[in-house]
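Asks: My questions all concern the structure below.
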Amino acid sequence: MTRPRHFDLVVVGGGLGGVAAALAAARLGLRSVLVSECDWIGGQVSSQGIPPDEHPWIESVGCTAAYREFRDRVRAFYRRNYPLTAEARAARRLNPGSGNIGPLSHEPQVAWLVLEEMVAPWTSRGLITVLRGYRAAAASTGGDEVRSVLVRGPEGDEIELTGAFFLDATDLGDLIDLAGVEHVHGAESSAETGEPHALPGPADPFDQQAVTWALLLSLHPGTDNTIERPAGYAAWRDYRPAEWPGPLLSWEVSDHVTHRTRRRPLFTDTEPAGGVRYDLWHARRVLDSGHLGSGWSDVTAAAWPMMDYARLPLIGVSEQERELALHEARQLSLSFLYWMQTEAPRHDGGHGYPELRPRGDLTGTPDGLAKMPYIRESRRIRAEFTLLEQHIGVEARAGLHGAERFPDSVGVAAYRIDVHPSTSGRPTVDIDTWPFQIPLGSLVPVRVTNLLPAAKNIGSTHLTSGAYRVHPGEWTVGEAAGALAGFCVLRRTRPAQVRADGIRLDEFQTLLSGTLGVELEWPRYEALAPRHRFGYVPQAASQERSA
């Protein structure tokens, strides 16, 4: 092990939150190290293969300036490098994949390359150092502070990192656990939180959302791309989850909202009103061949309800149990692909779509699976303030107009409370929410003074974590955490003091909104699309939602 390396900020986790945190710190002139478990930075939008899942106002309001820059750069990348048709090139709001999930459905490797572009100038300037393939292995603490983090590389090499602040941007809240930061995982009880949709009985730490190991696929008629039969295929072919209408490997699913049986085929010949195809292929299509010339094929991201793995939890278990769960998640996704290629009823008659080709050339893997699993739920800090269903849920705020307003807001987000099937056998939970703010108090641990959550691990509950976990929400949390840590370094203060002191809070919020372009509040709700007020995800997105 080499001698310790010191930075202003040590950011553990290379997902969207981690990248946003490092960029925010760099813009304030501070040095950070970004510790990425994967060689691709970006997490859910890149190495996990999930195109952006965004709210319906994203093109005009509801994100930070840096996230908007990322979105603009993605479109510019396609215009600069792809042979787009004249119509596609001229589209101001180009959607590369025309996916139903949102207005900017694009390939994961493009997201990775764009994020590398955004980080590169700061790396050259010496303000962002990226360690790729490294994971946090241990943390040293003293009193209420984190002193250092030991990270381990792919070859077993170890580096001790010291800093003024440490940010946990991992998918599972690994650093929170290693540093002994007070936290919770799993599902709380309604007796504890008062949330209408929380568990009616005791809390269950092993009630955790399903994970999904996404695939990238393209379609090549007349070819046979059938993969080798997965080792776990027989078991998954017969597997019937609780609260599910039949075998998991089928076109029939439990509706996310109503829990009634719903057919979700790969393709449909039926075009409903509006011309939107509500089939699996078009849900997360990330490359629309119609935007390109001859010789191109559609590419879609397969992250569908049949691929939700909820048999075993990932948090609060041994390393061996976690590895078994991840192995089974991979086997489930490959088994669903094999079933589609060989046994699935076709929309045009017959069985099997052997023309489906896994695109490992686009995911950087040998089998077309994403480099990393899509993890929806993390450990969550015990914070000075916990975001509850009563603060954002439409039903829970009956008679009130809008979400709770927070004077210590550090950003905004918007998504339904979207909780996927759980490892305890609970079905999905899908609740209308108002567009909401992220309070500073949810980023401040109850005890530790120099560690901040920077991803899906803020002070929230099992339910509300399902509302801010998607792309723009994670980015905003990470950017706020990076800015808060930077502000504290520059002002020689601590996060709890910023929240408690009105003058410091005002100065920090001015930095966020002025210097960094972070929106701290939503416009009047009347300015938002009224038809979405009580179920703000557009119909197309709500029909296709499975992220």
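The values are calculated or read from the model by the stated rules, or taken from the named source; none is laboratory data. Everything quoted here is computed from the prediction, not taken from an experiment. Methodologically, a virtual Cβ is constructed for each residue, glycine included, from the backbone with ideal geometry; neighbour enumeration extends over all protein chains shown. Heads up: the accessible areas ignore ligands, DNA and RNA and are worked out on the full protein's heavy atoms, side chains in. Shrake-Rupley method; radii C 1.70, N 1.55, O 1.52, S 1.80 Å.
Asks: Take Leu400 and decide whether it is out of contact with any Leu (no Cβ under 9 Å at 6 or more places or on another chain), of a type in the set (A, V, I, L, M) and modelled with pLDDT under 95. Please lay out each step first, then the result.
Replies: Details: out of contact with any Leu (no Cβ under 9 Å at 6 or more places or on another chain): yes; of a type in the set (A, V, I, L, M): yes; modelled with pLDDT under 95: yes.
Here the answer is yes, as Leu400 does meet what is asked.
Asks: Just checking, which of Val146, Val110 is at pLDDT 95 or above and part of a strand (DSSP E or B)? So that I can check it myself, show each step before the final result.
Replies: Working: Val110 fails: part of a strand (DSSP E or B).
Result: Val146 is the single residue among Val146, Val110 that is at pLDDT 95 or above and part of a strand (DSSP E or B).
Asks: Hey, Leu178 hits all of (1) buried (at least 16 other Cβ atoms within 10 Å of the Cβ); (2) farther than 12 Å from Leu451 by Cβ; (3) free of Cβ contacts under 8 Å to residues at least 60 places away in the same chain but one; which does it fall short on?
Replies: All conditions are met except number (2).
Asks: For segment 378-404, which positions are under 19 Å from the mean Cα position of the chain (by Cα) and open to solvent by 10 Å² or more (accessible area, probe 1.4 Å)?
Replies: Passing the criteria: only Arg379.
Asks: Another question, if that's okay. Across segment 464-521, which residue is most open to solvent (accessible area, probe 1.4 Å) among those that are of a type in the set (D, E, K, R), under 22 Å from Gly29 (Cα atoms) and without any contact (Cβ under 8 Å) to a residue 40 or more places away in the chain? Spell out the reasoning first.
Replies: Applying the first criterion (of a type in the set (D, E, K, R)) to segment 464-521 yields 469, 474, 479, 491-492, 494, 499, 501, 504, 506-507, 519, 521.
Subset that is under 22 Å from Gly29 (Cα atoms): 479, 491-492, 494, 504, 506-507, 519.
Narrowing the set further to residues that are without any contact (Cβ under 8 Å) to a residue 40 or more places away in the chain leaves 491-492, 504, 506-507.
Numbers: Arg491: 107, Arg492: 213, Arg504: 79, Asp506: 93, Glu507: 68 Å².
Among them, the one singled out is Arg492.
Asks: Then there is this: Filter segment 157-175 for residues that are hydrophobic (A, V, I, L, M, F, W, C) and touching a Ser or Thr at 6+ places or on another chain (Cβ under 8 Å); which is nearest to Val10 (Cα to Cα)?
Replies: Taking segment 157-175 and keeping what is hydrophobic (A, V, I, L, M, F, W, C), we get 159, 161, 164-167, 169, 172, 175.
In the following step, the residues that additionally are touching a Ser or Thr at 6+ places or on another chain (Cβ under 8 Å) were identified as 159, 161, 172.
Working: Ile159: 12, Leu161: 7, Leu172: 17 Å.
That would be Leu161.
Asks: Determine if segment 187-198 includes at least one residue that is touching a strand residue (DSSP E or B) at 6+ places or on another chain (Cβ under 6 Å) and of a type in the set (S, T, N, Q).
Replies: The answer is yes, given that some residue of segment 187-198 is touching a strand residue (DSSP E or B) at 6+ places or on another chain (Cβ under 6 Å) and of a type in the set (S, T, N, Q).
Asks: Suppose the filter is among the small types (Gly, Ala, Ser), in contact (Cβ under 8 Å) with a residue 12 or more places away in the chain, touching a helix residue (DSSP H, G or I) at 6+ places or on another chain (Cβ under 7 Å) and assigned to a helix (DSSP H, G or I); does Ser335 pass it?
Replies: Values: among the small types (Gly, Ala, Ser): yes; in contact (Cβ under 8 Å) with a residue 12 or more places away in the chain: yes; touching a helix residue (DSSP H, G or I) at 6+ places or on another chain (Cβ under 7 Å): yes; assigned to a helix (DSSP H, G or I): yes.
Taking the combined requirement at face value, the residue satisfies it.
Asks: I would also like to ask the following. Please verify whether Arg426 is of a type in the set (Lys, Arg), surrounded by fewer than 24 Cβ atoms within 10 Å (Cβ to Cβ) and modelled with pLDDT under 95, treating the condition exactly as stated. If you could, list the steps in order and put the result at the bottom.
Replies: Details: of a type in the set (Lys, Arg): yes; surrounded by fewer than 24 Cβ atoms within 10 Å (Cβ to Cβ): yes; modelled with pLDDT under 95: yes.
Here the answer is yes, as Arg426 does meet what is asked.
Asks: Let me ask another. Could we say that Val151 is touching a residue at least 12 places away in the same chain (Cβ under 8 Å), in a helix (DSSP H, G or I) and either closer than 30 Å to Phe7 by Cα or open to solvent by less than 10 Å² (accessible area, probe 1.4 Å) (or both) here? Outline the logic, then answer.
Replies: Numbers: touching a residue at least 12 places away in the same chain (Cβ under 8 Å): yes; in a helix (DSSP H, G or I): no; either closer than 30 Å to Phe7 by Cα or open to solvent by less than 10 Å² (accessible area, probe 1.4 Å) (or both): yes.
Here the answer is no, as Val151 does not meet what is asked.
Asks: Residue by residue through segment 185-243, note down the ones that are over 23 Å from Leu388 (Cβ atoms) and assigned to a helix (DSSP H, G or I).
Replies: If the condition is that a residue be over 23 Å from Leu388 (Cβ atoms) and assigned to a helix (DSSP H, G or I), then Tyr233, Ala234, Ala235, Trp236, Arg237 are the ones that fit.
Asks: Right, another one. Could you pull out the residue among Val11, Val19 that is assigned to a strand (DSSP E or B), crowded, with 24+ Cβ neighbours inside 10 Å, touching a residue at least 60 places away in the same chain (Cβ under 8 Å) and of a type outside the set (Lys, Arg)? It would help to see each step written out before you state the result.
Replies: Values: Val19 fails: assigned to a strand (DSSP E or B).
Going through Val11, Val19 in turn, the sole match is Val11.
Asks: Which ranges mark the strands (runs of 3 or more DSSP E) fully within segment 408-516 that have 3 or more residues being closer than 23 Å to Ala22 by Cβ?
Replies: Fully inside segment 408-516 and qualifying: 409-413, 451-453.
Asks: Another question, then. Can you tell me which residue among Gly156, Gly97 is at pLDDT below 95 and assigned to a loop (DSSP other than H, G, I, E, B)? Even if it seems obvious, please write down each step before you answer.
Replies: Details: Gly97 fails: at pLDDT below 95.
It is Gly156.
Asks: In addition: Is there any pair linking a residue in segment 43-66 that is more than 10 Å from His471 (Cβ to Cβ) and part of a loop (DSSP other than H, G, I, E, B) to one that is of a type in the set (D, E, K, R) and open to solvent by 10 Å² or more (accessible area, probe 1.4 Å), with Cβ under 7 Å and at least six apart or on different chains, and which?
Replies: Ser47/Lys371; Glu59/Arg93; Val61/Glu519; Gly62/Glu519; Thr64/Glu519
Asks: Here are the criteria: (1) on the phi < 0 side of the Ramachandran plot; (2) open to solvent by 10 Å² or more (accessible area, probe 1.4 Å); (3) in contact (Cβ under 8 Å) with a residue 12 or more places away in the chain; (4) assigned to a loop (DSSP other than H, G, I, E, B). Tell me which single one Arg92 does not satisfy.
Replies: Looking at each condition in turn, Arg92 falls short on (3).
Asks: Report, by residue number, each residue of segment 350-366 that is touching a helix residue (DSSP H, G or I) at 6+ places or on another chain (Cβ under 8 Å), farther than 24 Å from Arg135 by Cα and either part of a loop (DSSP other than H, G, I, E, B) or without any contact (Cβ under 8 Å) to a residue 60 or more places away in the chain (or both).
Replies: Across segment 350-366, the qualifying residues are His351, Gly352, Tyr353, Pro354.
Asks: Kindly indicate whether any position in segment 342-349 is of a type outside the set (Lys, Arg) and touching a helix residue (DSSP H, G or I) at 6+ places or on another chain (Cβ under 6 Å).
Replies: Here is the first cut: in segment 342-349, the ones of a type outside the set (Lys, Arg) are 342-345, 347-349.
Narrowing further to those that are touching a helix residue (DSSP H, G or I) at 6+ places or on another chain (Cβ under 6 Å): none.
No, the conditions are met nowhere in segment 342-349.
Asks: If a residue has to be open to solvent by 30 Å² or more (accessible area, probe 1.4 Å) and in contact with a Leu (Cβ under 6 Å, 6 or more places away or on another chain) to count, how many in segment 331-350 make the cut?
Replies: Result for segment 331-350: 0.
A quick yes/no check of all residues on (1) over 14 Å from Met306 (Cβ atoms); (2) surrounded by 12 or more Cβ atoms within 10 Å (Cβ to Cβ):
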| site | (1), (2) |
| --- | --- |
| Phe206 | yes, yes |
| Gln209 | yes, yes |
| Ala214 | no, yes |
| Thr223 | yes, no |
| Glu228 | yes, no |
| Pro247 | no, yes |
| Ser250 | no, yes |
| His259 | yes, yes |
| Arg262 | no, yes |
